[in-house]
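*Asks:* My structure is below; once you've seen it, I'll send some questions.
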Amino acid sequence: MTKKPTLRELAQKARVNHTTISRALRNDPRLPEATRNRLKKLAEKSGYQIDALAQRYMTAIRRGRGNRSMDVLGLLTSQVRIGQGGAAFDGFCRNIKKRAAELGYHIDELWAGEPGMTAKRISSIIAARNIEGLIIPPNYSNPGGHLSLDLSKLAVVLHCHNVWRPQLHRVEPHNFQNMLIVMRKLRRLGYRRIGLMLFAGMDQATGHEWEGAYHYYHAAHPALDRISVYQSDNYDDEGLLKWTKAERPEVIVGAYEFHPEVFREHGFRVPEDIGLVSMGVHPWEKPMAGLDMRAEEIDRASVDVVVDQLNRHEMGVPKIPRHTLIEGIWRDGPTVRAAK
């Protein structure tokens, strides 16, 4: 087994002071970005791993405290557990586990959907396992949107819009800006009748920001034709096709990977007759044009937010919740027409 280098050994290899390496791994903005990137790549290549206990202990010393605790972050799951949620959730779990390991932590699942599980029991399990940081994943489901756990000794981050009370730190896609990115691209491609479809509570899941940005863009560009938004609680092909024939969109935003086949089966040519745009393009799905949310960066940021709270010893419901928004990028694909 290869021995992992210490911080000082890594500094000697890089020919810099060990404090410089430490600052680079903390992404200290006082160091030039090129220097930070170079030293972080060296650390990764050398197999260096941050000791979470040491980092938090040194942080505590700098702030006049010396308490230490275990290096475990909890993942609160509900109906969907680790390893049972399909490609998207599996990817999320891999991403947070990787980032947690880079920062010296590991992920421990807390299953809220276990028969007989209560908020009081979860809180006791959290205490027994010495978990101080908690991540709530994007597919977490909680009736009423209220999280009733005792959060007084926890650093928490939300990766979803399914918890509204209490207000907590949140990491998510920049949903409003992402819709504007898509609308601008489609307008440049020459589309004038741009439709939007929202399924299975997606409007609430995005904080109504997709629909808000969609309407805003139409208001700012009156030359575009107005089309009613299609919404459904389920994936209703019949209702969608009826709406499409009535509204006659040239392109529809919010499609999933199975929609091109649905439209082709009913006589539409994609993209000649109708374009289809995904708001979540993923490499494991069939190729589509649309938005890459940069899911891995969002997932990694959720770990960063929790660890930053722990390093600052900030526990409980924050007085001022912070939202970290990550902007996506457009990805070309075969489901929209090429630029003229």
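Bear in mind that the values in this text are calculations on the coordinates, not laboratory data. This structure is a prediction, so every number in the text was calculated from the model and none was measured. With ideal geometry, Cβ positions are generated from the backbone for all residues, glycine too; neighbour counts draw on all protein chains shown.
*Asks:* How big is the equivalent ellipsoid of segment 133-192 along its three axes, where each semi-axis is √(5λ) from the Cα gyration tensor, reported in whole Å from largest to smallest?
*Replies:* 34, 12, 8
*Asks:* Magnitude of the Cβ-charge dipole of the chain, K/R +1 and D/E -1, about the Cα centre, nearest 20 debye?
*Replies:* On the way: 50 positive and 39 negative charges, 385 e Å.
The calculated dipole for the chain is roughly 1840 debye.
*Asks:* Which values of log₁₀ I(q)/I(0), to two decimal places, follow from the Debye formula for segment 7-48 at q = 0.31 Å⁻¹ with a uniform point scatterer at every Cα?
*Replies:* Each listed q corresponds, in turn, to -1.15.
*Asks:* Taking just the C-alpha trace of the chain, give me its Rg and Dmax in Å.
*Replies:* 23.1, 70
*Asks:* I've got another one for you. Pop the C-beta distance of residue 164 and residue 297 into the FRET formula with R0 = 22 Å and round what comes out to the nearest 0.05.
*Replies:* Calculated transfer efficiency: 0.35.
*Asks:* Take every Cα-Cα distance within segment 167-213, group them into 10 Å bins from 0 onward, and report for each bin the whole-number percent of pairs it holds.
*Replies:* Distribution as computed: 23, 48, 24, 5, 0 percent.
*Asks:* Let me ask something else. Only helical DSSP H runs with n ≥ 4 go in: add -39500 (n - 2.57) per run for the chain, normalise by residue count and round the 222 nm mean residue ellipticity to 500 deg cm²/dmol.
*Replies:* Numbers: 12 runs with 133 residues, N = 340.
Value at 222 nm, helices only: -12000 deg cm²/dmol.
*Asks:* Could you tell me the calculated FRET efficiency between residue 314 and residue 264, based on Cβ-Cβ distance and R0 = 41 angstrom, to the nearest 0.05?
*Replies:* FRET efficiency, residue 314 to residue 264: 0.20.
*Asks:* Hey, another quick one. Put +1 on the Cβ of each Lys and Arg and -1 on the Cβ of each Asp and Glu in the chain; which of 32, 78, 307 then has its Cα farthest toward the positive end of the dipole?
*Replies:* After comparing all options, I get 32.
*Asks:* Can you give me the distance in nm between label points at residue 327 and residue 246, each placed 7 Å from the Cα along the Cα-to-Cβ direction?
*Replies:* Between residue 327 and residue 246, the simple spin-label model gives 3.7 nm.
*Asks:* If you don't mind, another one. Loop by DSSP (not H, G, I, E, B), at most 12 other beta-carbon atoms within 10 Å: where is the longest site-free stretch of the chain for chymotrypsin sites (Phe, Trp or Tyr not before Pro)?
*Replies:* Of all site-free stretches, the longest is 1-257.
*Asks:* Further question: Against the longest principal axis of the chain, how steep is helix 175-188, in degrees 0 to 90 to the nearest 10, with axes from Cα atoms?
*Replies:* It is inclined by approximately 40 degrees.
*Asks:* By a straight-distance test (C-alpha under 19 Å), which lysines pair with residue 153 as possible cross-link partners, with residues fewer than eight away in the same chain excluded?
*Replies:* Of all the lysines, those that pass the test against residue 153 - Cα under 19 Å, at least 8 places apart if same chain - are 120, 319.
*Asks:* Could you tell me which residue out of 207, 235, 6 lies farthest along the dipole of the chain toward its positive end? Charges go on the beta carbon: Lys and Arg +1, Asp and Glu -1, centred on the Cα centre.
*Replies:* Positive-end residue among those listed: 6.
*Asks:* Calculate the length of the line joining the C-alpha centroid of segment 155-234 to that of segment 306-340, in whole Å.
*Replies:* 15 Å
*Asks:* Okay, next question. Rounded to the nearest 0.05, what FRET efficiency do residue 41 and residue 228 have when you use their Cβ-Cβ distance and R0 = 35 Å?
*Replies:* With R0 = 35 Å, the Cβ-Cβ based efficiency is 0.10.
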